[in-house]
Structures are given as C-alpha cells and as structure tokens.
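Asker: This is the structure, below, for whatever I ask next.
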Amino acid sequence: MRIGIFTETYTPYISGLVTSIVMLKGALEKKGHEVYVVTANLKDFHYHYDEENRVLEIPGIPTGIYDSRLTSIYPLQAVNIIKKWHLDVIHSQTEFAIGTFARLFAKQYNIPIVHTYHTMYEDYVHYITKGYFNKSSKKLVEYLTKFYCDKTITELIVPTVKAYNLFKKKYNVERNVHIVPTGIEVDRFFKKNVPVKEVNALRKEYHLNRKDFVLIFVGRVAEEKNIPFLIHVVDHLKKEIPTIKLFIIGDGPDKEKYQKLTQDMDCEEQVIFTGKVPWDKIPAYYQLGNLFITASKTETQGLTVIEGMAASLPVVCMDDVAFHTMVFEDLNGKFFKDEESCEKVILELYNNKELRENLAKQAVIQAEHCSTEQYADNILIVYKRAIENNKKKDRFGILSKIFRKLRGEK
C-alpha cells in the first residue's frame, strides 16, 4: 500500500504528535508499505524532497506560534511531486493548511482520506479569548471541527473515548469514528534497555542521590499543561518530603514564567527545568524518577503517560477521561481531582514502597499493549475500510452520472 501522511510538523521538531507519526511511519514500513510524509519546512523557505526517506517539505510563513509555518493550501510544485507517488490512501494529521491541502489533493485525484483528530480545540479557546466570547468561539470551533473532521474525509480516527464522545455525543456526528490509541516504541523505555551509565551521568549532572523522591513531567512547557499546579503541589509537600524533586522535561513559551514562579515560591531546589532534551536521551531521564505526574486536562491521549509506564513509573494524573484507557486506579497508577488530593496521593506513594513497586510492575504490562506494531495493525484496518468505502462511493457516482445522462440531465 502507498500511504501519504500529511502533517503540519515533523522531525526535527519534537512533540507528541511528531513522535506518533514517526512511530507509525516506521511500523507501517516494517510491514512492507511505502509511506510518504508531506509537511511544512521549518528550516528555510524552499521545497525539500528527501527521496530516500520519502519526506516532502513545503515552505511557509512563520506564524509566531511555536515553530509552525503557514503553507499554501494548494502548492503546485508539491502537487507535481505527490501525484507521481500514486497514493492508495491519504492520512491527514492536521486541520490547518497542510490538512486543507490533503483534502483538496484527495478530492482532485479521488483518493480516500483518513483523518486523525489529535487536539481538543474547545479546551484551548479561553487561552485566545481571555474569557470574552467563549460561547460564540466554541460554536465556531465546533463548526470548523465538524467541517474538517466530518464533511471532508472518508474515515475519522480518534485516540480515546474522550474524543469519541465529543463527536458522537456532543457534535452528533453520524459518520464512522474509530478509536485507535496511538502506539509508541515501548521497548525504548524499558529499564533494561536504558544504559545505566547514561542514567548515572544524569544523576551526577543534576546532583541527585538515591534518597531523592523524583516526580517526572515530560511535555511542552505551556499553559495548557497546567504546570503551575504541579509546582504548587511540590511547594506544599517540601516540608513533609524534604527530598522531593520535580523534573519538568521539555521546553515551551512559558518556561521562563514558571521558572520565575519557582523563584517567588522559594522552591528552585525542588523544581528542575531541563529545557529541550534530544529524543534519544528521553528514556534515560524517565529512569531518574519514582513517579510520572501530569495535571493536564487538555489531552486527547497523552503519549508521555505511556512512556512513563513503559519506564516502570506509576502514573499520578488528573482524573480526566483522556487517561482512563491507560491508567487504572490502584493497578498502574492513581488519579487526583485537585491539589489536596494530589498531595495525598504523592504522600501515600512516598510512604508505601511496596505499593509503588506493584503499580510499577503493572504499568509496564499495560504499556506493552500500546506497541507501534499493534497501532499500525489497527490503522491499516481503517485504511482498508476507507479504500473500500471510496470504491463504493465511486461506483455509486458513476451510476448516478449514467442515470442523469439517460434522463437528459447534465
């Protein structure tokens, strides 16, 4: 099968979305499929086509939002390259410019298009409106989401029940909605596969000793991740757990603001900002921890939770439906609803080593169900359905044209 993945961002940019696409491409190629990637060029203002790795980069204008670029919605130079690939299916991973291009190309060349919905946009509206026009803005988001994820595609994929319910229960979408949890290369994070020398070098770099109780957060350092919540929790616990540390692994627009917050709260010693970490070094950072923690309420799935579980870390997370397919109370982790309950959970796990170890064992077992191979198999089922449905639609379209001609209609 020849598959075209259209995405706004790709390597070397680091994000959960990029990780999922890299994993999917690799897993599909291992199964013998040809996978092409169409993305924005984040380096310069030229077209780049890496024929060996099948990656086409389209130039665009910087938007000022992270490293994103606004590309043309129908770049002719790209069209001339892509049509030579003779794609069997297109997999869109974005609703923006590249996603619009995917839909236009699919329509022109009659190629079935599958779309994965990654972002709960309604959760981000108030960051833009600052509390004004929230209701009307959410209606606009609903309209655009339904248009891009319902009217212009062949099949829709969502990673969790949370996103499924958005389309089926709130937006009343009638089309097929496939729940396919994103997979990762879980074995990269297994403790046995991470060099001890790398972990020890990091312990030395950050002046950690064996008595330190380390909480690990991995992700974009931005408002939607609710990082101040974690900082406040650590500040409240530093007297009861003198050895507590919070590692905030990643970079983002609010890093300096949160560093200032830790200074103001006098917990610089407890909260460590690592900044951007190379993709291949991330597994060693997980091994510094005793727990994985996140207070985010805007995830559709949260791939770093799976990474943490694969690294043998019990998960402590916000009680949000996005995590319910991966984290199970008292099996591989614990949920909290507010700062007070979060503090109680951390204290309980700090004082109960046996419970931590049992949760850690089950975390690894649960993570093994999230492999890239399983992910690719599930995605291929959707691709095949999209191809078959497109053929049916095409047959009906031909019959409709014949009947119209017989009736003398244009």
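The values are calculated or read from the model by the stated rules, or taken from the named source; none is laboratory data. All values derive from a computational prediction rather than experimental measurement. Quick reminder, even Gly has a Cβ in these numbers, built from the backbone with ideal geometry, and neighbours come from all protein chains shown. Accessible surface areas use protein heavy atoms only, side chains included; no ligands, DNA or RNA. Shrake-Rupley method; radii C 1.70, N 1.55, O 1.52, S 1.80 Å.
Asker: Kindly check whether there is at least one residue in the range 158-167 that is of a type in the set (Val, Ile, Thr), outside any helix (DSSP H, G or I) and within 19 Å of THR298 (Cα to Cα).
Answerer: Yes, there is a match, as at least one residue in the range 158-167 is of a type in the set (Val, Ile, Thr), outside any helix (DSSP H, G or I) and within 19 Å of THR298 (Cα to Cα).
Asker: Among the listed residues ARG210, ARG220, which satisfies the condition of being within 18 Å of LEU291 (Cβ to Cβ) and at pLDDT below 95?
Answerer: ARG210
Asker: I need the full set of residues from the range 25-55 which are under 24 Å from VAL382 (Cα atoms) and surrounded by 18 or more Cβ atoms within 10 Å (Cβ to Cβ), in order please.
Answerer: LYS25, ALA27, LEU28, VAL35, TYR36, VAL37, VAL38, THR39, ARG54, VAL55
Asker: Suppose we filter the range 31-58 for residues that are out of contact with any Gly (no Cβ under 7 Å at 6 or more places or on another chain) and at pLDDT 95 or above; how many remain?
Answerer: Number satisfying all stated conditions: 19.
Asker: Take the residues in the range 323-360 that are polar (S, T, N, Q) and over 23 Å from the mean Cα position of the chain (by Cα), then tell me which one is surrounded by the most Cβ atoms within 10 Å (Cβ to Cβ).
Answerer: ASN358
Asker: In this structure, does ASP320 turn out to be at pLDDT 95 or above and open to solvent by 10 Å² or more (accessible area, probe 1.4 Å)?
Answerer: no
Asker: When residues of the range 151-164 are filtered for being within 18 Å of the chain's Cα centre (by Cα) and open to solvent by 30 Å² or more (accessible area, probe 1.4 Å), how many remain?
Answerer: 2
Asker: Can LYS384 be described as modelled with pLDDT under 90, closer than 30 Å to ILE153 by Cα, open to solvent by 70 Å² or more (accessible area, probe 1.4 Å) and assigned to a helix (DSSP H, G or I)?
Answerer: Judged against the criteria, LYS384 is not a match.
Asker: Sticking with this structure for a sec: Which residue, of TYR74, TYR36, TYR47, is over 28 Å from LYS151 (Cβ atoms) and among the aromatic types (Phe, Trp, Tyr)?
Answerer: TYR47
Asker: Let me ask something else about it. Do the conditions hold for ILE306, that is, is it outside any helix (DSSP H, G or I), surrounded by 21 or more Cβ atoms within 10 Å (Cβ to Cβ), among the aliphatic types (A, V, I, L, M) and out of contact with any His (no Cβ under 6 Å at 6 or more places or on another chain)?
Answerer: It is false that ILE306 is outside any helix (DSSP H, G or I), surrounded by 21 or more Cβ atoms within 10 Å (Cβ to Cβ), among the aliphatic types (A, V, I, L, M) and out of contact with any His (no Cβ under 6 Å at 6 or more places or on another chain).
Asker: Of everything in the range 276-317, what is farther than 19 Å from PRO181 by Cα, in contact (Cβ under 8 Å) with a residue 60 or more places away in the chain and aliphatic (A, V, I, L, M)? Give them in sequence order.
Answerer: ILE282, ALA284, LEU288, LEU291, ILE293, ALA295, LEU313, VAL316
Asker: So how many residues does the range 59-94 have that are open to solvent by 70 Å² or more (accessible area, probe 1.4 Å), touching a Phe, Trp or Tyr at 6+ places or on another chain (Cβ under 6 Å) and at pLDDT 95 or above?
Answerer: Looking only at that region, the number is 1.
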